[in-house]
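Data block below; observations after.
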Amino acid sequence: MTREEGKIIGVTSAAHGLNHGFILIFSAVLPMLQREFDTDYFHLGIIGNICFLAFGFGSLPAGILVDRIGSKRLISVYLFGAALSSFFVALSTSFLAFGVFIGFVGLFCSTYHPASNALISKGVQRTGRGFGIHGISGSLGVALTPIVAGFLASALGWKAAYVIFGIAGVAVGAASLMLQEVPQKNPNENRGHAGFQGESKGLLFPLIVFFASAIMIGLSYRGVITFLPTYMAQKVRIDFLPIESVALGGMMSTIALLFGTIGQYMGGILSDRYLPEKVYFAAYLLGAPFLFLVGFSTNLLVVLSALAYAFFYFSTQPTSVHLLARYTNVSFRGTAYGIQFFLTFGLGSFASTLSGYIADLLGLEWVFHAMGFLFFISAVLAFVLVVLSRKRSGILSA
């Protein structure tokens, strides 16, 4: 890895961890928000939906902008904008103000994924490994936010979590100003699987199937991650540890989600060595049963089930961005990633409201049953990609 590649991976990895951190503070402090604003899961789900919707819908125009003005500027805009918005969230004194400012957090965070993935795909030679490392940092952000934000909230109040993350955003934003834009290369170049040779003909249907899987997994993930810390706080009991329930739920979620970092790395490595469609399908097929099991279990079993789910879910992330790089040309790369994250995070955001409704009506465990069903549908769609890959010349063998 060259020095410039190292700089790209270093800055984007730090920014990636924070990106998921900014979004998931909400889930980590949800029980405190419920008490502070005297509301229910359904209305909190709507507020989360606002943030997650902005997080997804902003990805589409961001992806188009990446192809026109480059990645560096959008990464910096995200970091400084999300940090400032987090400060305003901490200053909120009403449920309405909280909802407005958390929406701005999601909007600024939305510019990140299309920009960073396009930058890595163009500026890092071993893209699978690059996406794997970058993905690990995102998994760490997802995994560590519940425990970090949970303990900050328990000790200093929920607003402190937003302030601390905002300060970190400013620091990484300053580092992002030192990034160099990667020059646009041959529009027909595609650094995908050997033998693919940048050929994009005949890939429209696989691309549609891939985007359909992105919607399903986006819905499943958002429903799970919104209520996992709260669910853990209810289902896990450790009597010998005098830890407040919000902090305990965050700690248990972190333990489970940390295993996702291993999945991220393995997914990136395997997608360089084997046919990515096969890796993509295997992860969904093996992960689905564990998500169902989360909804049936308590204490150690629920933690172990969530741990296995996290491993397989997060292994799909570097594989998915690697697949999209194979299906698109460099000149369209930013827009393609924008579409992917628009579908995953934008349409997927509605699972927050749906899950809140399910939780109030049937109980939190039914959220994980419903999201497990969506996860299984993703496995079916991934299998279709495997079948389609066998019909394309030049990529019959891994």
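Structure summary
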| item | result |
| --- | --- |
| Conditions (1) crowded, with 22+ Cβ neighbours inside 10 Å; (2) closer than 22 Å to L179 by Cβ; (3) modelled with pLDDT under 85; (4) not hydrophobic (A, V, I, L, M, F, W, C); number of the one not met by H16 | (3) |
| Subset of the stretch 280-323 (residues that are surrounded by fewer than 22 Cβ atoms within 10 Å (Cβ to Cβ) and either touching a Pro at 6+ places or on another chain (Cβ under 6 Å) or within 30 Å of A115 (Cβ to Cβ) (or both)) | A282 |
| Which numbered condition F57 misses (of (1) of a type in the set (A, V, I, L, M, F, W, C); (2) crowded, with 23+ Cβ neighbours inside 10 Å; (3) more than 20 Å from I147 (Cα to Cα)) | (2) |
| Selection within the stretch 142-158 - surrounded by fewer than 24 Cβ atoms within 10 Å (Cβ to Cβ) and in a helix (DSSP H, G or I) | L144, I147, V148, F151, L152, S154, A155, L156 |
| Residue in the stretch 83-97 that is under 22 Å from the mean Cα position of the chain (by Cα), of a type in the set (A, V, I, L, M, F, W, C) and either modelled with pLDDT under 85 or surrounded by fewer than 24 Cβ atoms within 10 Å (Cβ to Cβ) (or both) present | yes |
| Of the criteria (1) aliphatic (A, V, I, L, M); (2) at pLDDT below 90; (3) in a helix (DSSP H, G or I), which one M1 fails | (3) |
| Total residues in the stretch 194-215, condition modelled with pLDDT of 50 or more, assigned to a loop (DSSP other than H, G, I, E, B) and surrounded by 12 or more Cβ atoms within 10 Å (Cβ to Cβ) | 1 |
| Helices (runs of 4 or more DSSP H) completely within the stretch 34-135 that count 1 or more residues being over 30 Å from R273 (Cα atoms), touching a residue at least 12 places away in the same chain (Cβ under 8 Å) and not polar (S, T, N, Q) | 41-57, 59-69, 72-90, 95-109 |
| Considering residues of the stretch 262-279 that are surrounded by fewer than 24 Cβ atoms within 10 Å (Cβ to Cβ) and in a helix (DSSP H, G or I) only, the residue modelled with the lowest pLDDT | D272 |
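Every residue, every condition in (1) at pLDDT 85 or above; (2) in contact with a strand residue (DSSP E or B) (Cβ under 9 Å, 6 or more places away or on another chain); (3) in a helix (DSSP H, G or I); (4) of a type in the set (G, A, S), yes or no:
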| site | (1), (2), (3), (4) |
| --- | --- |
| A160 | yes, no, yes, yes |
| L179 | no, no, no, no |
| L241 | no, no, no, no |
| G260 | no, no, yes, yes |
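Condition check ((1) of a type in the set (D, E); (2) more than 23 Å from L323 (Cα to Cα); (3) over 16 Å from the mean Cα position of the chain (by Cα)) across all residues:
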| site | (1), (2), (3) |
| --- | --- |
| S71 | no, no, yes |
| L79 | no, yes, yes |
| F104 | no, yes, yes |
| P114 | no, no, no |
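The values are calculated or read from the model by the stated rules, or taken from the named source; none is laboratory data. Model, not experiment: these values are computed from the prediction. Every residue, glycine among them, receives a Cβ derived from its backbone with ideal geometry; neighbour counts consider all protein chains shown.
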